[in-house]
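No lab work stands behind these numbers, since they all come straight from the coordinates. Source: prediction; values computed, not measured. Positions of Cβ are generated from backbone atoms using ideal geometry, with glycine treated the same way; all protein chains shown enter the neighbour counts.
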Amino acid sequence: MYKKIDAACEYIRSKFDKKIDIAIVLGSGLGPLADEIENPLELDYADIPYFPVPTLAGHAGKLIIGTIGDKTVVAMKGRFHYYEGHDMEIVQLGIRVFQRLGIEKVILTNACGGIREDLVPGSIMIIRDHIGLFCPSVLRGENYDEFGPRFKDMTEVYSKAAGNVARKVAAENGIEITDGVYAYFPGPMYESPAEILAYRALGADAVGMSTVPEAIAARHGGQTTLGISLITNRAAGLGNAELSHAEVVEIANKAEKNLVTLVKGVITQW
Ligand code: HPA
């Protein structure tokens, strides 16, 4: 793992060696957020040692480094999902590389299904906490002592202070947001209606197939995380249509404008 992190970092540093303030991971259909980055330097995953090339629609495979306001940012356009067949070592690779590059703040975005009644397509939810009971641990196996301890506290995986910045930006721009609990489902099939009822009983407000492994790795490595979910559909059995990835990407693209304003505002004010 250290070998992979070092090799990827060395390549990135050879292309860009200044301090980066914030890393952003872009969810399904949220790639256009990266268009907001000024003076962008694009690095193809294919050229970054050990970075796999994403396998699905709605996910490009690029790191984009540049500025938003007075902040230097890096965006992962395309993330590594467990359901693609990657080990958790690869799922968390981007986050570990960001840690090694000295980046202290991370914004994780995703597209997900709404379970709570008010979470309808287009809603934006700040992640308050997560349920990762069905997520294989990214910290299993050898502990990466240089990053964090063997047994790490998980009481504030998602920074309350960062959530407050997001609420302030949303209020200033007339964007409606709420917060809630994001539950991880390994996928790649969507959940069954019975699984959604089970998740609801467990306290989940929304469900998706990413973010939790990365958030745990970020917390383990001492980063401050803001999690933002875009609800693209009612979760299985709660709406009246079958779920499809095309619909997820379509709704994500439509709701993009508010999300771009929110994320840009957070980056400048955080
Ligand atoms: N379930 C899981 N992942 C998702 C969903 C969903 O309903 N929508 C978008 N990603």
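Please list, in order along the stretch 73-82, the HN-Hα scalar couplings obtained from phi with the Karplus expression 6.51 cos²θ - 1.76 cosθ + 1.60 (θ = phi - 60°), rounded to whole Hz, x for Gly and Pro.
Running phi through 6.51 cos²θ - 1.76 cosθ + 1.60 with θ = phi - 60° gives 10, 10, 10, 8, 9, x, 10, 9, 9, 4 Hz.
In the stretch 1-126, what percentage of the DSSP-assigned beta bridges are antiparallel, given to the nearest 5?
55 percent
Please turn the phi angles of the stretch 33-44 into ³J(HN,Hα) values with the Karplus equation 6.51 cos²θ - 1.76 cosθ + 1.60 (θ = phi - 60°), one per residue in order, whole Hz, x for glycine and proline.
3, 5, 5, 7, 7, 8, 6, x, 10, 9, 10, 6
Let me check I've understood the local charge: for Leu33, count other residues with C-beta under 15 angstrom from its C-beta, Lys and Arg +1, Asp and Glu -1. What total comes out?
Taking every Cβ under 15 Å from that of Leu33, the sum is +2.
State the dimensionless ratio Rg/Rh of the chain (Rg: radius of gyration of Cα atoms; Rh: Kirkwood radius).
Result for the chain is an Rg/Rh of 0.93.
If you wrap the stretch 153-248's Cα atoms in a convex hull and average its projection over all directions, what's the area in nm²?
Result: 7.4 nm².
Grab the DSSP H runs of the chain that are 4 residues or longer, score each as -39,500 (n - 2.57), total them, divide by all residues and round the 222 nm result to the nearest 500 deg cm²/dmol.
Calculated at 222 nm, the ellipticity per residue is -9500 deg cm²/dmol.
Could you let me know the centre-to-centre spacing of the stretch 171-215 and the stretch 27-91, using Cα atoms, in angstrom?
Going from one Cα centre to the other spans 22 Å.
For the stretch 1-73, max minus min Cα coordinate along each principal axis, in Å, sorted largest first?
Computed over the Cα atoms, the extents are 33, 32, 16 Å.
With a Förster radius of 41 Å, plug the Cβ-Cβ distance of Leu133 and Asp70 into 1/(1 + (r/R0)^6) and report the FRET value to the nearest 0.05.
Working from the Cβ atoms, E equals 0.55.
Quick check: net charge around Lys168, other residues with Cβ under 15 Å of its Cβ, Lys/Arg +1 and Asp/Glu -1?
Net charge in that neighbourhood comes out at 0.
Please state the charge dipole magnitude for the chain, taken about the Cα centre, from unit charges on C-beta atoms (+1 on K and R, -1 on D and E), reported in debye and rounded to the nearest 20.
Once rounded to the nearest 20, the dipole reads 440 debye.
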